[in-house]
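Here it is, the structure, as C-alpha cells.
The values are calculated or read from the model by the stated rules, or taken from the named source; none is laboratory data. Values in this document were obtained by computation on a predicted structure and should not be read as measured data. With ideal geometry, Cβ positions are generated from the backbone for all residues, glycine too; neighbour counts draw on all protein chains shown.
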Amino acid sequence: MRVIPVLALLACGGGADTAPESTERPWSGGLEDLDGVSEVRGYRRARTIVHLHSPWSHDACDGDPLPDGEPNAPCLADLRAGLCAARIDAAFLTDHPTHAAYQPYADLFHPQSGDTLLPDAQAPFASGIDCDDGHRVHWFPGIEDELMPVGLDAHVPGTAEERDASYNDATTAGLTASSDAGAAVLVAHTEGRDLAWLEELQDAGLVGIEIFNLHAMFAPDIRQDDLGLEALGWVNDTRPFIHPDETGEPDLLFLGVLLEQAPSIERWEALLQRGPTVGVAGTDAHQNAVPLETRDGERFDSYRRSLRWFSNHLLVEGQGPGVYEEALRAGRNHVVFEALGLPLGVDLALTDDSGTTWEVGSSPTGEGTLLVGCPSLSPESPQGLRAPEITVSVLKDGEVFHEGCGEVSTDGPGAYRVKVEVTPYHLEPFLGAEPETYFRPFPWVYTNAIRVGL
C-alpha cells in the first residue's frame, strides 16, 4: 500500500474527548483470544492474517524499510506489537520480492531473541512470537507480486536475481515454482484481475483469491477504476472518526470503507463453478499509507489498527504450525470483519444422505442438509446498551437461496455459502455525534463455500 496524497484534506491532533457513554463494554484497542471460542466438531478457530508486509517490502514503513541497510526497527516493533494486540494466531507475511528475494530464507522471519523456529531450528517453515501476555503468534514467510505464495517452506531455487524473477513471474510456471517451494499460491487484488487469467492459474493449482482487500478501499485509482467508487470518497466517510472536532472512536474509521467488493466476489463465484477456490480477506498492511496521527495519538494506518479490523478465522485441527496452512488450503475459513465485534456461533457444514458431515471448503458429490449456525455478538466485544440487528443469508451461486439459519436442504448442484450482515446499533456510543449514519447493514462474515455436486 503506497502513501495516499490526501493529508491536506485531513486534520490531526488534539480534539474532542472520545469517552463513550452508556456502554456495556468500553472500546478496546485489542481483541479477545479465540482459545475455546466456538469450537465445533473437533475444530478450533484461529485468527489469521493473510497479506501483510514487513520491512522486507520496499514500500513498507513510509518507504524507508531498510535505513542503513537494516530492517526499520520501530516499524518492525509496531508490526509485532500489532499482531499481539489483535491476538493473531497465524500471520502469513507477503513481502514484495524487492527486498525479500534478496534475503536468506531464515531472515524472512525477522528473528529476535525469544522467538522460536518451528517445527525446529534445522528446517523451519514458521516462527513463534511469544507476546507479553503468553499468546503466541505464528509467523509464516511469503511473497506478493502478481502472484501471492503464502507459507513458503523455502525460497524458490536460484540466485537472488533468479528468485526475484521467479517471484515476478505471473504465469503458470511462476505458480508451479512457488508451489514446489511449499507455498499455497493465492492472488491478491482480485478486483483488477482478468477472469481468464485466473482460470488459467486455477487449472495449474491456484489455491485461492482475495475477496476483500483493504488497500483497494483507500487507493483512489483502484476505487475509481476497479470498484466504481468515488476516488476519495473515504475521506468524508471516515471524518466522524478522525477529525479533531468529531467524537467517533478512531478505530472505527474502517466503517467508512467497509463495503462488499463486488468485482472480486463475482470472480470468486465464477471460479467456484470450475473448482475449489478459497476466498480470503487481505489486510495488505505496510504502515505506509496515511502517516497521520488521529485523535487517539496513533497513526491512521497503524499495524495495530489495521490488524484489528478483520481477519480470516480458520478452522484448524490439531496442534503444530502446519495446521494453519492445512486449514487454509482446505478452505475451512470464515472472513470476519471484527471491527464490528466478534461473532459467536458462525458455522456452515453439510450432512449428506449417508450421515457424513462435510466441512466448509469441501466438495461433496451428493446433496444433503446444510447446517447454518446462528451467530450472536460476543458479550466481550465493545458494545452499548442496544442490540445489533443480525441477518443470515444462504447463497447459492451468488444468489440468495435462503434467509435465516438452522437446517437448510440443498436444491441441486451449486456453490453454497453464507453471508452474515449486521446493523451496528450496539456501536452507538462509539459512532460520534450522528451514529444513525452508520445504522445500516455491514458485511460481518463471509463463509467459504461448500460446492455440492460440482
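Evaluate region 390-398: report whether one residue or more is part of a loop (DSSP other than H, G, I, E, B) and in contact with a Leu (Cβ under 7 Å, 6 or more places away or on another chain).
no
Just checking, how many residues over region 410-422 are over 22 Å from Gly331 (Cβ atoms) and surrounded by fewer than 18 Cβ atoms within 10 Å (Cβ to Cβ)?
0
Continuing with the same structure: What's the number of the condition Val156 fails, among (1) closer than 26 Å to Leu83 by Cα; (2) in contact with a helix residue (DSSP H, G or I) (Cβ under 7 Å, 6 or more places away or on another chain)?
Checking Val156 against (1) closer than 26 Å to Leu83 by Cα; (2) in contact with a helix residue (DSSP H, G or I) (Cβ under 7 Å, 6 or more places away or on another chain), the one that fails is (1).
In addition: Which ones in region 78-121 are closer than 26 Å to Phe310 by Cα, in a helix (DSSP H, G or I) and of a type in the set (D, E, K, R)?
Once the filter is applied, which keeps residues that are closer than 26 Å to Phe310 by Cα, in a helix (DSSP H, G or I) and of a type in the set (D, E, K, R), region 78-121 yields Asp78, Arg80.
Here's a follow-up. Give me the residue from region 38-58 that is in a loop (DSSP other than H, G, I, E, B) and of a type in the set (Ser, Thr, Tyr) and, out of that set, nearest to Leu186 (Cα to Cα).
Selected residue: Ser54.
Take region 342-357 and flag every residue that is free of Cβ contacts under 8 Å to residues at least 60 places away in the same chain and within 17 Å of Tyr446 (Cβ to Cβ).
Of everything in region 342-357, nothing turns out to be free of Cβ contacts under 8 Å to residues at least 60 places away in the same chain and within 17 Å of Tyr446 (Cβ to Cβ).
Let's see how each residue does on (1) closer than 20 Å to His402 by Cα; (2) charged (D, E, K, R); (3) buried (at least 23 other Cβ atoms within 10 Å of the Cβ); (4) modelled with pLDDT under 95:
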{"site": "Val316", "(1), (2), (3), (4)": "no, no, yes, no"}
{"site": "Gln319", "(1), (2), (3), (4)": "no, no, no, yes"}
{"site": "Glu325", "(1), (2), (3), (4)": "no, yes, yes, no"}
{"site": "Ala330", "(1), (2), (3), (4)": "no, no, no, no"}
{"site": "His334", "(1), (2), (3), (4)": "yes, no, yes, no"}
{"site": "Thr356", "(1), (2), (3), (4)": "no, no, no, no"}
{"site": "Gly361", "(1), (2), (3), (4)": "yes, no, yes, no"}
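Out of Asp296, Asp226, Asp245, report the one residue that is at pLDDT 95 or above and among the acidic types (Asp, Glu).
Being at pLDDT 95 or above and among the acidic types (Asp, Glu) holds for just one of Asp296, Asp226, Asp245, which is Asp226.
Yes or no, residue by residue, for (1) touching a Ser or Thr at 6+ places or on another chain (Cβ under 6 Å); (2) farther than 17 Å from Ala281 by Cα; (3) of a type in the set (D, E, K, R); (4) outside any helix (DSSP H, G or I):
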residue	(1), (2), (3), (4)
Pro149	yes, no, no, yes
His155	no, yes, no, yes
Ala170	no, yes, no, yes
Ser178	no, yes, no, no
Gly182	no, yes, no, yes
Leu186	no, no, no, yes
Ala196	no, yes, no, no
Glu200	no, yes, yes, no
Leu206	no, no, no, yes
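Just checking, how many residues over region 91-123 are farther than 21 Å from Tyr303 by Cα and out of contact with any Ser or Thr (no Cβ under 9 Å at 6 or more places or on another chain)?
12
So which of Trp268, Trp234 ends up being part of a helix (DSSP H, G or I) and in contact with a Lys or Arg (Cβ under 8 Å, 6 or more places away or on another chain)?
Result of the check over Trp268, Trp234: Trp234.
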